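The structure under discussion appears below in the form of structure tokens.
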Amino acid sequence: GDMFYNIVRVDSGRPLLRRLYKDVKLLPSFGKTISVLDSDNKWKLVDVKGKVVSTLPENMEIYKETSRLMCLKSRTRTGYYKIVSKKNNKEIAKITGSVDRINTYKDGCIVVKKEDDKFNLYTENGPVFDTWINRIYCNESDDKQIYFYTQGRTNGFVTSKGKKIET
């Protein structure tokens, strides 16, 4: 039959959530909310005590997530994604069209690469760039991540808070 899940605390051996769920998505640094699939087949965000913070839109499923952001993918529309803040359940961006890759980073940011080799970086404050840019690169081994970018003839760096430093 069906399997149900919870998260067990390593320090005490006790369940973290107050009840079982059909699925639980847990990241190494999950932040203040945990994504769970409830018995009604809806993805919800719960706090570490199990209180429902928000319910995801009916036709969306969690595609990727960081400690701060979720990338939701439409179940019904091809090439339709939303990036949502886990802090306040606010929609940061809608992405439509052909997506080649979506990368998540330990600083909480998401980088989207479209099939036409254009990029954008998303933080809790929204997209960092007004238009899709030529290139963005990040060395994930650093604790405080700095992204190197190319936009037209401009090269620069951007922090995980979205602050740009042009060179």
Going by the structure shown, is G156 surrounded by 13 or more Cβ atoms within 10 Å (Cβ to Cβ) and in a loop (DSSP other than H, G, I, E, B)? no
Please count how many residues of region 120-132 are crowded, with 19+ Cβ neighbours inside 10 Å and within 16 Å of F148 (Cα to Cα). 5
Unmet criterion (only one of (1) in contact with a Ser or Thr (Cβ under 6 Å, 6 or more places away or on another chain); (2) open to solvent by 70 Å² or more (accessible area, probe 1.4 Å); (3) closer than 30 Å to I146 by Cβ) for V53: (3)
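What number of residues within region 90-127 are of a type outside the set (G, A, S), assigned to a loop (DSSP other than H, G, I, E, B) and in contact (Cβ under 8 Å) with a residue 40 or more places away in the chain?
5
Here is a yes/no grid of residues against (1) more than 12 Å from the chain's Cα centre (by Cα); (2) polar (S, T, N, Q):
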residue: M60; (1), (2): yes, no
residue: S67; (1), (2): no, yes
residue: Y81; (1), (2): no, no
residue: G97; (1), (2): yes, no
residue: L121; (1), (2): no, no
residue: D130; (1), (2): yes, no
residue: I133; (1), (2): yes, no
Region 61-72 residues that are farther than 12 Å from E124 by Cα, paired with ones that are open to solvent by 30 Å² or more (accessible area, probe 1.4 Å) and not in a strand (DSSP E or B) (beta carbon under 6 Å, 6 or more apart): E61/R75
Considering region 45-58, residues that are among the charged types (D, E, K, R) and outside any strand (DSSP E or B), and then whichever is modelled with the highest pLDDT, we arrive at K51
Is at least one residue of region 69-81 assigned to a loop (DSSP other than H, G, I, E, B), modelled with pLDDT of 80 or more and either buried (at least 18 other Cβ atoms within 10 Å of the Cβ) or among the β-branched types (V, I, T) (or both)? yes
If G13 meets every condition in (1) open to solvent by 60 Å² or more (accessible area, probe 1.4 Å); (2) part of a loop (DSSP other than H, G, I, E, B) apart from one, which number is that one? (1)
Scan region 141-149 and give yes if some residue there is assigned to a strand (DSSP E or B), open to solvent by less than 70 Å² (accessible area, probe 1.4 Å), closer than 22 Å to E65 by Cβ and not aromatic (F, W, Y), otherwise no. no
Residue selected from region 25-44 under the condition open to solvent by less than 60 Å² (accessible area, probe 1.4 Å) and within 19 Å of I110 (Cα to Cα), by the criterion modelled with the lowest pLDDT: F30
Residue among D47, D117 that is among the acidic types (D, E), more than 26 Å from V24 (Cβ to Cβ) and open to solvent by 20 Å² or more (accessible area, probe 1.4 Å): D117
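The values are calculated or read from the model by the stated rules, or taken from the named source; none is laboratory data. Computed from a prediction, not measured in an experiment: that's the story for all the values here. A quick note on method: Cβ atoms are made from the backbone with ideal geometry, for glycine too, and the neighbour counts reach across all protein chains shown. Just so you know, the surface numbers come from the protein's heavy atoms only, side chains and all, with ligands and any DNA or RNA stripped out. Shrake-Rupley method; radii C 1.70, N 1.55, O 1.52, S 1.80 Å.
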